[in-house]
Structures are given as structure tokens and as C-alpha cells.
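Note sheet for the following structure.
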Amino acid sequence: MNTLAKILALVLVICVKLATPLYFHIGETERKCFIEEIPDETQVIGNYKVQLYDPRTGGFMPSSPGIGMHVEVKDPEDKTILSRVYSSEGRFTFTSHTPGEHVICLYSNSTKWFSGTQLRVHLDIQVGEHAIDYANIAQKEKLSELQLRVRQLLDQVEQITKEQNYQRYREERFRQTSESTNQRVLWWSLAQTCVLLVMGAWQMKHLKSFFEAKKLV
Amino acid sequence: MRWGARVSGAAFGAALLLGLLAALTEAVELTFELPDNAKECFFQEITKNTTCTLEFQVVTGGHYDVDVILEAPNKEVLYRKVKTQFDSHTFTATMDGVYSACFSNEFSTFSHKLVYMDFSVGDEPALPGIGEHTTVITQMESSAQEIHKSLNSVADYQTHHRLREAQGRKRAEDLNSRVLTWSICETVAVVFCAIGQVLVLRNFFTERRPYTQFN
């Protein structure tokens with residue numbers, strides 16, 4: 001009885017934890033993508049839950065074990081770093097190895113051709129130091145409150161440093177792009193002037209020889 | 001045996017309570033693409049008297065504007081902005097229920113937008129262990145808490161900076177590729193016009209051959 005109560009309580013905690021995050025609706029065959037711009041070596045944890053629309057009640061079924069969710073994560077170079085089909089409820093994790101925009105796409109593994117029913121997707125994405133579970137760390141390493149707080153501060157500062165480094169890399173890219181635009185505009189204006197002069201000269205030469213052949217000049 | 005069971009039971013109860021406390025506060029930030037003529041809605045179940053903040057910023061696309069509507073469970077409009085680039089709105093939930101934040105790009109015909117959104121409900125969950133006892137916290141602990149709050153705001157500023165920088169960078173990249181495309185098109189047009197002019201002029205001065213030879 002005690003074990004059963006514990007199991008029920010644990011299930012309740014899980015349900016409450018997953019019931020409160022943000023949710024949105026997508027069609028069964030629709031694909032929804034989210035972009036996370038993150039520095040390298042950053043952990044991202046996503047919790048999700050999918051519910052199928054129930055036409056009988058007009059609402060959404062509390063749990064729909066039949067549908068699976070395909071999660072695809074692409075790195076900034078468009079390479080797929082995670083592509084798995086998960087069950088209707090679960091979590092996915094990945095760590096970035098290159099800094100930049102990572103695209104997380106979710107779509108159901110439905111085999112229909114056009115849009116079927118609506119799906120309600122609960123989603124919660126946590127990045128960097130928000131993805132760390134401090135309760136777990138406190139328990140495993142037996143840290144006091146102050147030690148745990150200091151650990152949290154250290155993690156936060158580390159994340160801020162990583163973000164600053166990433167900023168520097170991005171600013172460099174921005175600068176390179178601007179300089180490239182500047183160069184291109186310069187070259188284009190020179191080339192355009194040359195092309196105009198050459199075309200003008202060619203026109204005059206060609207017309208002169210044409211009129212001379214026609215004995216009009 | 002019994003004492004061990006009681007301790008594990010108490011520990012489980014504490015963990016359960018912490019789990020529930022953690023579950024009652026959520027902050028989700030998402031960056032998503034809003035296609036043209038589309039409307040995306042995000043729903044969140046909020047309990048009464050919780051302070052929530054909705055923050056959004058348009059990163060790329062068109063004139064960098066989007067329509068935002070925040071609705072209470074009774075369909076009352078709490079916040080509405082038309083063609084806004086970025087804003088932050090804090091409100092306190094007056095009733096239990098599902099609140100919805102909708103972003104609309106229906107006024108745009110061909111520019112799809114990239115929108116960043118941060119919907120945070122409640123305060124940040126306290127670290128496990130802190131806040132359980134009601135004794136006065138030491139100066140060290142309160143300093144650590146202050147540092148934590150400052151670091152939170154640093155991270156927040158970094159996010160805003162990142163979004164602004166992304167906006168500028170994407171515009172610069174777009175400009176770069178457009179300059180290349182336009183200069184190539186311009187060169188082709190100039191060459192085409194020059195050759196065309198010469199051919200037309202030649203045509204004016206060319207005699208048409210009479211077709212009488214087959215009569």
C-alpha cells in the first residue's frame with residue numbers, strides 16, 4: 001500500500017511537471033521547428049508531451065500512447081546531430097559541439113498524407129545552466145546550501161563566459177560580412193564603369209565599320 | 001527497519017514537495033519561424049495571483065513587426081500590440097485557467113518572420129535546501145543570493161544583446177548576397193542593352209531584300 005502510494009505520488013509529480021509547460025497545436029502531418037542560438041559545449045534538454053484530439057469529447061485525450069514524436073536536431077552546418085522517434089511523452093537531450101543556430105524540429109510519425117487531426121504538444125526547452133538539476137547534484141555530492149548556491153553561481157558564470165566568447169565569434173563574422181559587402185560594392189562599381197566604357201567603345205567601333213561598309217560615312 | 005522506512009518516507013515526501021514546487025514555476029523561451037499570413041498561439045495554464053511576463057522580439061523578416069494578443073481564459077484581451085518589434089509585458093493572473101499568447105503575421109503577404117518569445121510564469125524556483133528552514137540567513141548566503149540575481153540579469157541582457165546582434169548580422173548577410181545578385185544582373189542588363197542598341201541601329205540601315213524574285 002505504501003509502495004503504491006509512493007508510485008501514485010511520483011506519477012502525480014511527473015504529471016504536474018509536464019502539465020504546466022507551454023503548449024501549442026499542430027496538425028498531424030505538420031512540422032514545427034524551433035531555433036536555439038547557443039555557444040558550443042552547451043547542454044539542451046527538451047521535455048515534451050503529445051496529446052491527440054478526441055472528437056468524441058471535443059477535447060484532447062489525457063494520454064495518447066499510440067503516437068510517436070520524431071525529434072530532429074540540426075547543427076549550424078545543417079548536419080543532423082539527433083534524429084530519433086520518441087514515444088508520445090518524454091525528453092530529449094543534446095550537447096552542441098559547434099557554436100551557432102541549432103534547429104530543433106518536431107513532427108509526429110503519422111503516416112497520413114494530408115493533415116489529419118490536431119495534436120497538442122506541451123514543450124519545455126531548457127538551455128545551459130537551466131538544464132542542470134541541482135537537487136540531484138546536492139544529493140550526489142552531499143553539498144550544503146551555501147556550497148550548492150556557489151556551485152550554481154559558478155555554473156552561471158561559466159555559461160555567461162561561453163556566451164561572451166560566442167558573441168566575439170559572431171561579431172567577427174558580422175564584421176567579415178560587412179567588409180565583404182564593402183569590397184563587393186567597390187569592385188562592382190569599378191567593374192561597371194569598365195563594362196560601360198568597353199561597351200561604348202565597342203559600339204562606336206562596330207557602328208563605324210558598319211557605316212563605312214554601307215558607304216554612308 | 002521501521003525508522004529506516006519512516007526516514008525514507010519523509011525524504012520521499014520532501015522530494016515530492018520540492019518536485020511540485022519546481023513544477024509550479026516555468027519559464028520557456030522559444031525562437032520560432034512565423035510564416036506569412038500565419039498565426040501561432042501558445043497556451044499556458046496559470047494559477048491565480050501568479051506574476052507572469054511575456055517578452056518577445058522579432059529577429060528577422062520584413063519590417064521586423066508582428067501583432068501580439070494576450071488573452072485570459074475568459075477571452076478578455078489583457079494585452080494587444082499591432083506591428084510591434086519588441087516589448088515586454090508583466091501581468092498578474094486574476095483567474096485560474098489557460099492563458100494564450102498569439103503572434104500574428106497575417107498582415108504580411110510574403111515575408112516570414114523569426115520571432116523570439118519568453119513566457120515566464122511565477123518566480124524562479126528556489127534551490128533545493130534553501131528556503132526550507134525559517135531561520136535568518138547569514139550574510140554570506142544573502143550576498144550569494146544577490147550575486148545570483150545580478151547574474152540572472154546579466155544573462156538576460158546577454159539574451160537581448162544576442163537578439164539585436166542576430167538581427168543586424170542577418171540584415172548584413174542579406175545585403176551582402178543582394179549586392180552580388182544585383183551587380184551581376186546589372187552587368188548582364190548593360191551588356192544586353194549595348195548589343196541590342198547596335199542590332200536595332202543596324203536594322204534601321206539594312207535594306208530589305210525584295211521578294212519579287214519568285215514571282
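The values are calculated or read from the model by the stated rules, or taken from the named source; none is laboratory data. Remember, it's a predicted structure, so these values are computed and weren't measured experimentally. Neighbour counts run over all protein chains shown; Cβ positions are idealised from the backbone, glycine included. Quick note on the areas: whole protein, heavy atoms, side chains included, nothing else; ligands and nucleic acids left out. Shrake-Rupley method; radii C 1.70, N 1.55, O 1.52, S 1.80 Å.
B:Val179 - would you say it is of a type outside the set (Ser, Thr, Tyr) and out of contact with any Lys or Arg (no Cβ under 7 Å at 6 or more places or on another chain)? Criteria not met by B:Val179.
Only one entry of A:Ala191, A:Ala213 meets the criterion of being modelled with pLDDT of 90 or more and more than 30 Å from A:Val127 (Cα to Cα), and that entry is A:Ala191.
Every condition in (1) among the hydrophobic types (A, V, I, L, M, F, W, C); (2) at pLDDT below 85; (3) open to solvent by less than 20 Å² (accessible area, probe 1.4 Å) holds for A:Leu52 except the one numbered (3). Listed by position, the strands (runs of 3 or more DSSP E) inside region B:69-141 whose residues that are of a type in the set (Phe, Trp, Tyr) number at least 2 are B:86-92, B:97-104, B:113-121. Taking the criterion of being aliphatic (A, V, I, L, M), under 20 Å from the mean Cα position of the chain (by Cα) and open to solvent by 30 Å² or more (accessible area, probe 1.4 Å), the only residue of region B:29-77 that qualifies is B:Ile69.
Tell me yes or no: at least one residue of region A:125-142 is on the phi > 0 side of the Ramachandran plot and either at pLDDT 90 or above or surrounded by 13 or more Cβ atoms within 10 Å (Cβ to Cβ) (or both). Scanning region A:125-142, I find at least one residue that is on the phi > 0 side of the Ramachandran plot and either at pLDDT 90 or above or surrounded by 13 or more Cβ atoms within 10 Å (Cβ to Cβ) (or both), so the answer is yes.
Among the residues making up region A:102-111, those that are in contact with an Asp or Glu (Cβ under 6 Å, 6 or more places away or on another chain) and either within 20 Å of A:Glu129 (Cβ to Cβ) or not in a strand (DSSP E or B) (or both) are A:His102, A:Ser110. Among the residues of region A:164-172, is there at least one that is touching a residue at least 12 places away in the same chain (Cβ under 8 Å) and open to solvent by 80 Å² or more (accessible area, probe 1.4 Å)? The answer is yes; a qualifying residue exists. Taken over region A:47-89, the criterion of being free of Cβ contacts under 8 Å to residues at least 12 places away in the same chain and not in a strand (DSSP E or B) is satisfied by A:Arg56, A:Thr57, A:Gly58, A:Met61, A:Pro62, A:Asp78, A:Lys79. The residues of region B:135-161 that are β-branched (Val, Ile, Thr) and open to solvent by 70 Å² or more (accessible area, probe 1.4 Å), listed by number, are B:Thr135, B:Val136, B:Ile137, B:Thr138, B:Ile147. Every listed requirement among (1) buried (at least 17 other Cβ atoms within 10 Å of the Cβ); (2) in contact with a helix residue (DSSP H, G or I) (Cβ under 6 Å, 6 or more places away or on another chain) is met by A:Gln203 save one, (1). Please tell me if B:Thr25 is more than 8 Å from every other protein chain (Cβ to nearest Cβ), within 21 Å of B:Met95 (Cβ to Cβ) and at pLDDT below 80. Judged against the criteria, B:Thr25 is a match. Does any residue of region B:81-93 turn out to be open to solvent by less than 40 Å² (accessible area, probe 1.4 Å), touching a Leu at 6+ places or on another chain (Cβ under 8 Å) and among the polar types (S, T, N, Q)? For region B:81-93, residues open to solvent by less than 40 Å² (accessible area, probe 1.4 Å), touching a Leu at 6+ places or on another chain (Cβ under 8 Å) and among the polar types (S, T, N, Q): absent. Quick check on B:Leu127: is it open to solvent by less than 50 Å² (accessible area, probe 1.4 Å), without any contact (Cβ under 8 Å) to a residue 24 or more places away in the chain and out of contact with any Cys (no Cβ under 7 Å at 6 or more places or on another chain)? Answer is yes for this residue. If only residues of region A:38-48 that are open to solvent by less than 30 Å² (accessible area, probe 1.4 Å) and in contact with a helix residue (DSSP H, G or I) (Cβ under 8 Å, 6 or more places away or on another chain) are counted, the one that is nearest to A:Asp133 (Cα to Cα) is A:Ile45.
Based on what the data block shows, is B:Val77 modelled with pLDDT under 90, more than 18 Å from B:Leu163 (Cα to Cα) and more than 12 Å from chain A (Cβ to nearest Cβ)? Answer is no for this residue.
Are any of the residues in region A:59-68 in contact with a Phe, Trp or Tyr (Cβ under 9 Å, 6 or more places away or on another chain) and either farther than 26 Å from B:Cys41 by Cα or open to solvent by 30 Å² or more (accessible area, probe 1.4 Å) (or both)? Yes: one or more hits. All conditions in (1) more than 9 Å from every other protein chain (Cβ to nearest Cβ); (2) within 30 Å of B:Phe205 (Cβ to Cβ) hold for A:Trp202, with the sole exception of (1).
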